[in-house]
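K.L.:
My questions will all concern the structure given below.
The values are calculated or read from the model by the stated rules, or taken from the named source; none is laboratory data. Remember, it's a predicted structure, so these values are computed and weren't measured experimentally. Glycine gets a Cβ as well: all are built from the backbone with ideal geometry, and neighbour counts include every protein chain shown. Accessible surface is based on the protein model in full, side chains and every heavy atom, while ligands, DNA and RNA are left aside. Shrake-Rupley method; radii C 1.70, N 1.55, O 1.52, S 1.80 Å.
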Amino acid sequence: MKNMESLINHIKTQGFIFQGSEIYGGLANSWDYGPLGSELKQKVKELWWNYFIRHNHLNVGLDSSILMNTQVWKNSGHLGNFSDPLIDCKKCKSRFRADKLIEDKFPEVNAGKMSNSDIEDYINKNKIVCPKCGGLDYTTIRNFELMFKTNQGVLQDESSVVYLRPETAQGIFINFKNVQRSTRKKIPFGIGQIGKSFRNEITPGNFIFRTREFEQMELEFFFDPKDKTNWFEYWIKEVDFFLSEVLGISKNNYFKREHSKEELAHYSAATTDFEYNFLFGRGELWGVAHRGNFDLTAHQSGSGQDLTYLDPTTNEKIVPHVIEPSVGLERLILAILTESYCEEEVENGTRVVLKLPKKIAPYQIAVLPLQKQQNQAATEIYNDLLKNYDVIYDETGNIGKRYRRQDAIGTPICITYDFDSENDKCVTVRNRDTMEQKRVLISELEDFIKKDLI
Ligand code: ATP
């Protein structure tokens, strides 16, 4: 049955994702991506980068440091404010994010913007018991700082404190001037980056949905607020298109949720989240926030540097406004895996198949000699295809089992070299989704594959 357990089990046993630090008993909620998982990650990043940066005339890329001057976090408002409400069950000592306790029980309520005392009242009034032991005896809420703190250099005092970035966005804001000056880009334009972020989450979990170390793919799009184009709507449409058309995620499985006035962060004029129907429930996948000119203004006054943009036509200096579409790579991967995972009844049992979009499948093609005698000829085909495609060679086990293995890891095409191949110069090409098999001339194989992989 398709559920969180069967999906995780499949992903782990097939070698996409391993428990982090496994041989030492693991490190909770840390995950290592195996050969298949790292390939999948790489390809999803590549798709995002191509769509939002490389093939988009509006945007350019950046790769800023994880460690930054502490002033960045002071002025961005993270230091002191980037915290979650922590509550402990006095009976069993379990720890929870207090707002999530409410939202898990009452998904229609947005507790993220409630004050701590309102959260406490709500929990008590609605008798939201401890999910671990069923008790209703909690401590008062404390704010828990989400940024990881460490020291840079040999001194271990306050002056050497640095933080691991909790988002990639601030690296973009502090480089706005550098990028604009060096590229001579005129607004509207965007700067995007992909990189690791770290948050000391109180309740990580749901596999790779919420982890303490994750990768973000963020775009900060700068524009003049007098611009007639509705850039907020523009980027919402782009995200929608990317999810449905580029990644093939069914529109039935994700939703747009606009934040109400009360939910909005103090600097945000509007936010729309794309939420996905994960197998554990609905969760935020991709946020699109209208950040106004909050960040550039804050860094301008904090650094004393001029971060304005000089409009060459009006000669007017403005602080551009910003739209931020931001997605977590691993959450996107979880949505893609959820979407692709299928259990199908076939003649001789159940086959598990990952119907991954062809462009992100770890391997595009598998080459399988029917028997050992055909190894040499099959290897030649494999080596030929390897020049242009991501190909795997598998010679072990019966052919049915080998097909299942490729189905399980999402390989769209299997090519089998068999007894007849030497005479008719053809191979059997099998389609992952339909399981249909066709004889194709080896001399026409590349043309066939090219068309099939589109
Ligand atoms: P949440 O409410 O789930 O904690 P958030 O609103 O704090 O998320 P943002 O700060 O808007 O998240 O981050 C942008 C994106 O980064 C999210 O939409 C999500 O895809 C991803 N993300 C945020 N926190 C995590 C995490 N701990 N693990 C994995 N991905 C994350």
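K.L.:
Assigning unit charges at the beta carbon (Lys, Arg +1; Asp, Glu -1) and nothing else, what dipole magnitude in debye, to the nearest 20, does the chain show about its Cα centre?
P.N.:
Charge dipole of the chain: 520 debye, to the nearest 20.
K.L.:
Sorted from largest to smallest, which semi-axis lengths in Å does the alpha carbon gyration tensor of segment 140-206 give for its equivalent ellipsoid, taking the root of 5 times each eigenvalue?
P.N.:
Working through the eigenvalues yields semi-axes of 31, 19, 10 Å.
K.L.:
Nearest 10 degrees is fine. How inclined is helix 375-386 to the longest principal axis of the chain, computing both from alpha carbons?
P.N.:
Helix 375-386 sits at roughly 40 degrees to that axis.
K.L.:
Of the trypsin sites (Lys or Arg not before Pro) in segment 216-276, which ones lie in a loop per DSSP and count no more than 13 other C-beta atoms within 10 Å?
P.N.:
K226, K228, K251, K261
K.L.:
What number comes out for accessible area per residue over the chain if the probe is 1.4 Å? Units Å², please.
P.N.:
Dividing the accessible area of the chain by its residue count gives 49 Å².
K.L.:
Classify segment 1-81 as rounded, prolate or oblate, taking a ≥ b ≥ c as the square roots of the eigenvalues of its Cα gyration tensor: rounded when a/c is under 1.5, otherwise prolate if a/b is larger than b/c and oblate if not.
P.N.:
Note, shape of segment 1-81 comes out oblate.
K.L.:
With a 4.7 Å Cβ cut-off, tell me which Cys residues in the chain come up empty for a partner.
P.N.:
C342, C414, C426
K.L.:
Could I ask something else about it? In cubic angstrom, how much convex hull volume per residue do the alpha carbon atoms of the chain span?
P.N.:
Residue-normalised Cα hull volume stands at 196 Å³.
K.L.:
Tell me, what are the semi-axes, in whole angstrom and largest first, of the equivalent ellipsoid of segment 323-414 as set by the roots of 5 times the Cα gyration tensor eigenvalues?
P.N.:
Each semi-axis is √(5λ); the values are 29, 19, 7 Å.
K.L.:
For segment 20-27, what does the Karplus curve 6.51 cos²θ - 1.76 cosθ + 1.60, with θ = phi - 60°, yield as ³J(HN,Hα) per residue in whole Hz, taken in order and with x for Gly and Pro?
P.N.:
x, 6, 3, 5, 9, x, x, 10
K.L.:
Over the chain, what is the mean sequence separation of C-alpha contacts under 8 Å (at least six apart), divided by residue count, expressed as relative contact order in percent?
P.N.:
Here the relative contact order equals 13 percent.
K.L.:
Charges at C-beta only: +1 for Lys and Arg, -1 for Asp and Glu. How large is the resulting dipole of segment 112-270 about its Cα centre, in Debye rounded to 20?
P.N.:
Result for segment 112-270 is approximately 380 debye, rounded to the nearest 20.
K.L.:
Separate question: Considering only DSSP beta bridges whose two residues both sit in segment 330-454, what percent are antiparallel, to the nearest 5?
P.N.:
Rounded to the nearest five, the antiparallel share is 65 percent.
K.L.:
Which whole-Hz ³J(HN,Hα) couplings does segment 202-208 yield from phi under the Karplus relation 6.51 cos²θ - 1.76 cosθ + 1.60, θ = phi - 60°, glycine and proline marked x?
P.N.:
Whole-Hz 3J(HN,Hα) from phi for segment 202-208: 6, 10, x, x, 6, 6, 8.
K.L.:
Per the 1.4 Å probe, what fraction of the accessible area of segment 328-388, in percent, lies on carbon and sulfur atoms?
P.N.:
Of all accessible area on segment 328-388, carbon and sulfur atoms account for 43 percent.
K.L.:
Also: Restricting to DSSP H runs of at least four residues, report the calculated mean residue ellipticity at 222 nm for the chain, -39500 (n - 2.57) per run over all residues, nearest 500 deg cm²/dmol.
P.N.:
Dividing the helical sum by the residues of the chain leaves -8500 deg cm²/dmol.
K.L.:
Starting from the Cα gyration tensor of segment 19-151, take the square roots of the eigenvalues, sort them a ≥ b ≥ c, and report rounded, prolate or oblate (rounded when a/c is under 1.5, otherwise prolate if a/b is larger than b/c, else oblate).
P.N.:
Prolate, because a/c is 1.5 or more and a/b exceeds b/c.
K.L.:
Based on the alpha carbon coordinates of segment 270-359, what radius of gyration and maximum Cα-Cα distance (Dmax) apply, in Å?
P.N.:
22.3, 73
K.L.:
Going by Cα centres, segment 238-252 and segment 123-199 are how many Å apart?
P.N.:
28
K.L.:
Given contacts defined as C-alpha pairs under 8 Å and at least six residues apart, what's the relative contact order of segment 1-124, whole-number percent?
P.N.:
Relative contact order for segment 1-124 comes out at 10 percent.
K.L.:
What list of ³J(HN,Hα) couplings, whole Hz, do you get for segment 401-413 from phi and the Karplus terms 6.51, -1.76, 1.60, once you set θ to phi - 60° and write x for glycine and proline?
P.N.:
5, 5, 4, 4, 4, 6, 4, 5, 9, x, 6, x, 10
K.L.:
Against the longest alpha carbon principal axis of the chain, how many degrees, from 0 to 90 and to the nearest 10, is the axis of helix 35-49 turned?
P.N.:
Computed tilt is about 60 degrees.
K.L.:
Let me ask something else. Can you give the % of DSSP beta bridges in the chain that are antiparallel, to the nearest 5?
P.N.:
85
K.L.:
Is the shape of segment 366-454 best called rounded, prolate or oblate, per the rule: a/c under 1.5 gives rounded, else a/b larger than b/c gives prolate, else oblate, with a ≥ b ≥ c the square roots of the Cα gyration tensor eigenvalues?
P.N.:
Taking the square roots of the gyration eigenvalues as a ≥ b ≥ c, segment 366-454 is rounded.
K.L.:
Find how many whole Å separate the alpha carbon centroid of segment 329-374 from the alpha carbon centroid of segment 1-80.
P.N.:
21
K.L.:
With a 1.4 Å probe and every protein chain kept in, tell me what percent of the accessible surface of segment 391-454 is carbon plus sulfur.
P.N.:
53
K.L.:
Beyond 20 Å, how much of the Cα-Cα pair distribution for segment 306-369 remains, as a whole percent?
P.N.:
Result for the distance tail: 61 percent.
K.L.:
Give the long-range amide H neighbours of K355: residues separated by 5 or more places, or on another chain, with amide H under 5 Å away, using H modelled in the peptide plane at 1.01 Å from N.
P.N.:
Under 5 Å from the amide H of K355: Y341, C342.
K.L.:
Would you work out the relative contact order for segment 153-212, in percent, from Cα pairs under 8 angstrom that are 6 or more residues apart?
P.N.:
33
K.L.:
Using +1 at the C-beta of Lys and Arg and -1 at the C-beta of Asp and Glu, which of I360, S76, P166 has the Cα lying farthest in the positive direction of the dipole of the chain?
P.N.:
S76
K.L.:
DSSP loop GluC sites (Glu not before Pro) in segment 387-454 with at most 10 other Cβ atoms within 10 Å of their Cβ, which ones?
P.N.:
Loop-located and lightly packed - E436.
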